[in-house]
Every structure is written in structure tokens, then in C-alpha cells.
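Below: one structure, written as C-alpha cells.
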């Protein structure tokens, strides 16, 4: 069953003929907006008048929808414009005030179509505005509680998470906000007092343009299309991928790379992810290292991030099946939505998971764990000079580059390779060159000249 991934929905529309529209709304709902010259059933919020304009703002509620009418009158020309702002939560409307779960896509369509018919509005004329939120409730295949998430959520898009409390002041999850957007992750069982083994993730936007540019959804009618709703699903997925979750069950290992051990040691402190981790390498390299940390957590630890991500992906599976024609499904972004199957990972013969803990003591470095998003083994390339991982570099790279490993390390590897190849051509010595025939001839002639000069010096009286 296809689901709706819209939590809170906001929009605005310009009313061309207010008087006709007002009577249509009154005949269907029995309510009308505040009117200074007639019966008032709505709430008059305020009136503002300047030297050339008069602005009035009126509001009323109907079946879970909050409607606000803003009328602007030009006192010079007498012209006026009427704008209607709408805010509502389809999940709350469907579940009678509780939004602990996603509703079906068909139910979402019915709610919007019923609203448009009741208020004589065309959905393709209602522009998306903020606050608009996307959300996914994921029913997990493992037990989750406040103890299993407490202290795990560290940062979201370089912002620290803060705790969320329910009405009884009990901890239920985390939230983080930045300039353009925000993110929440909490347990509906604690918020609503229901016996639900699920986690709800919500993404919010503070600017309309940010939501429109991310999803391509401009009007409410776009949300009735499979492509528009699938884009909303991808928004929640991308926000979950921007979340850093610490795994306290991981232990350092001498066979892990140094940056992995550093994340395990310092990852409990959000300041590490906000300061030290950002300074370690480029954005691309940090992303690769974070993915490697999550895969190691999935295999050797709790794997909370990946396990929840797998459950989130299942919620949008129906859209992915019926929207294979979408351009986004052919891109790298779509391919990253593949499930990481733990069974396939374990069955892979070339995976060095078991050898990490049972590896004999040796000076040779172990290749870091590399599993792509589909759960398959990713072909790994190592520097031929220092044996470091250079998988993220260009395909033809043979040794470390300054972009990923620093200029000092890159020069060291290049010089080592250059010296080895030069010595191989010239001879067997490590830093010596075997004399050539031309050099020997020059040396012999110089020796003869010196010897003749010495003889003349001693033979003269």
C-alpha cells in the first residue's frame, strides 16, 4: 500500500472574487470570515491601516484546517486583494488529532479533494508554503525504547541534537534545527502512550523555496502525483542520512584504520563531530569515512542508523515499484536507497568481517571494510607505496594524492615510487647508480691527464 509522507501541510491562494466565494463557503460550512458590516462567525485577528493601505486578517477553523484570510485594500484606488492561508495536518485529521502514523496515499488524496470541494478551491492554484513537514513512521523488526536511543543522536547537518519531551516531561526523542530546515526523531509510543514498536522521523522546512527546490512540488496538486509524493519520501531519507548516530558498543581494534578508532573513541562527544571530524579531511572523504563507520556499526555493533534506514526504505517501496520511469530513479541518489541486507553481507566469501576479530598478529595492515550500499563487496585499491586506501581517488591512481591524504604524504609516496623505478632501471643499489661506459671513459681520460701532469712536475730540474 502506498503511503503519504506529508505531516503538516501549508499553502496559500489568491481569491479573485471574494464576495462570491464567501457565500459559497457559507452555504457549505455555515461559517464565514470576520466582516465588519455583517454577522461575524470567524475570529477577527487584527486590522492595520496606513496612509495608503488597509490590511485586515481574519481566521476560523474547520475540520482540522486553520484558515486565515488577509485582505489588503488600497485606500487611494479602492482596489483590494484577498489571500487565503491554509494550515492543516492530514494525519491528524484522519486519526482524530493524533499523527503517530502515516496515512495511505488514497486517504490523503480524499482529504485534499474534500477540502477543495468544500471551499471551492482548485488544488493546482494553492501554492505550497511553510510550515510544511514530511514524515515517515517506521515499524521496526527489532525492539526499540528510550534506552536504546538515549545518547545516540549527536548531530544533524552540523547542528547538535536537543532532547524532546512529551507532556509528562518524559524523554521521547531528539530534534535539531538549522537555518533552512529541521529534523525530529522520536518514539510515538512515548508521545501518544500507545504500544507501538516504531520510530517517527519528521523533516521540516523554514523556507518555502528550500522545500520547492528540493522536491519540485509547487502546488497541492503536485502532491497527488506519485512523483511528488516520492520526492517527499526522499527528503526524509536524505535528512536521516545527514544524522550522525553514535554506537557505544563498538570497541577499538589495532587492525582498524586510525580514523575509525578515533570515531569510536571520541564519537560520544558532539563537539568531535562538529569540530575535529570536520577538520580531518575533505567533505567527500569524511562522507566515505562516515559510511564506513556505519557499516562497521551495522556488522559489529548496534547498527541503529542502518537498521532504521532499511525500515524507512520499505515504507517507500511501493512508490519505487510504480515510478521506475522517474529520472531520479536512474540517478546515483536512487541507487543509494538500496537496502543493506545483513544476510547477503554475511554470506559473502570475500568479506573480511570475521577475520577482523580472529586475525593473527602481524605487521601487515588489514584492508578496511568496504561494502557498497547494496551490501556487496566494493573493489578496493591500495597505494602501492604505503598500502593506504585510495578507493575514492581516480581509477588510474597508483599512490596517495594530496587531495585525500595531504601534500606531505603524496610527495613521500611519489618519491618512493620514483626512486624504486629509477633504481630498477639503473641497477640494484638502493640509492647508488652503476657507472655507464661513457662515465668510465671520462674518468679514465681525467686520470691520464692528472698522471702526466704529475710526472712532468717531478721530472723537471
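The numbers here are math on the coordinates, done by the rules we state, and not lab data. Quick caveat: nothing in here was measured; it's all calculated off a predicted structure. Every residue, glycine as well, gets a Cβ built from its backbone with ideal geometry; the counts of neighbours run over all protein chains shown.
Structure values in brief
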read-out	value
FRET efficiency, 1/(1 + (r/R0)^6) with R0 45 Å, evaluated for residue 266 and residue 384 via beta carbons	0.90
Euclidean distance of C-alpha centroids, segment 180-229 and segment 160-175, integer Å	18 Å
Inter-centroid distance (Cα atoms) of segment 9-24 relative to segment 272-314, Å	48 Å
Along principal axes, Cα extents of segment 146-191, largest first, whole Å	29, 19, 14
Which of 401, 213, 91 has the fewest Cβ neighbours within 10 Å, and the rest in rising order	213, 401, 91
Relative contact order, percent, segment 185-326 [alpha-carbon distance under 8 Å, six or more residues apart]	20 percent
Footprinting exposure proxy for 1, 314 (fewest neighbouring C-beta atoms within 10 Å first)	1, 314
Segment residue 162-residue 27, length gained on full extension (0.36 nm per residue, minus Cα span)	43.9 nm
Highest average packing first - 447-456, 95-104, Cβ atoms within 10 Å	95-104, 447-456
Efficiency of FRET from Cβ geometry, residue 96 and residue 241, R₀ 35 Å, rounded to 0.05	0.60
Residue exposure sequence - 177, 141 - by fewest surrounding Cβ within 10 Å	141, 177
Relative contact order %, segment 152-255, counting alpha carbon pairs below 8 Å whose residues are six or more apart	26 percent
